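None of the figures in this text is laboratory data; all of them are computed from the coordinates on show. Keep in mind that this is a model prediction, so the values were computed, not measured.
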Amino acid sequence: MVALLLTLPAVPARAFDYTYVEGGTAYANGDSPNRDGPGPWFALSWAATPGAHLFAHYTHLDLEDKSGGGAGAVDEDAWGVGLGANRTATRWLDVVVRGSYEREETQPTVGPDTTRDGLSAEVGFRLRLRRTALGPQEVNLGLTFRDLEDRGDTVARVGVVVPLARHLAVTGDLRDEGDRWQARAGLRVAF
């Protein structure tokens with residue numbers, strides 16, 4: 001994947017910023033187990049070079065078990081840190097490859113706590129719809145492959161970024177995690 005990214009032609013004009021802090025509210029709805037609920041999420045990214053960035057994310061969900069099995073509420077904390085490479089393919093398209101260490105911790109009111117950790121790899125695209133005086137309006141797509149101990153899965157993501165001011169934007173995404181989906185909405189401050 002990285003070799004493919006490096007073979008793409010570079011375009012000097014950068015349409016996207018890779019240094020930002022964002023956060024907001026997430027909501028997850030699961031099928032198996034049947035758990036859903038809201039919680040806060042935070043993420044940050046720092047452009048170490050024009051073609052590489054460091055990133056981190058954290059999500060806390062207060063999930064309610066709807067299956068009737070008596071498991072009650074479940075607190076879920078998920079976080080990760082990693083390194084990304086970005087390459088401008090055209091003035092309106094960036095290709096992004098990321099790798100990270102991921103950790104998920106669940107604490108049910110009934111039963112033992114569970115901790116899973118492992119690695120993930122993502123390939124994605126940031127597509128500029130149009131550039132305004134406030135910044136680019138964008139749609140971003142990603143496909144993440146995660147291997148967390150006893151579970152491997154694929155996460156498909158589609159997101160949007162709509163600028164409100166020069167360094168402030170509304171951001172949101174929808175994630176299909178196989179056995180559940182997750183929606184996020186919040187604000188991004190770019191530097």
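Numbers at a glance
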item: Calculated P(r) of the chain - Cα pairs past 30 Å, %; result: 22
item: Length-normalised contact order of the chain in % [C-alpha pairs under 8 Å, at least 6 apart]; result: 19
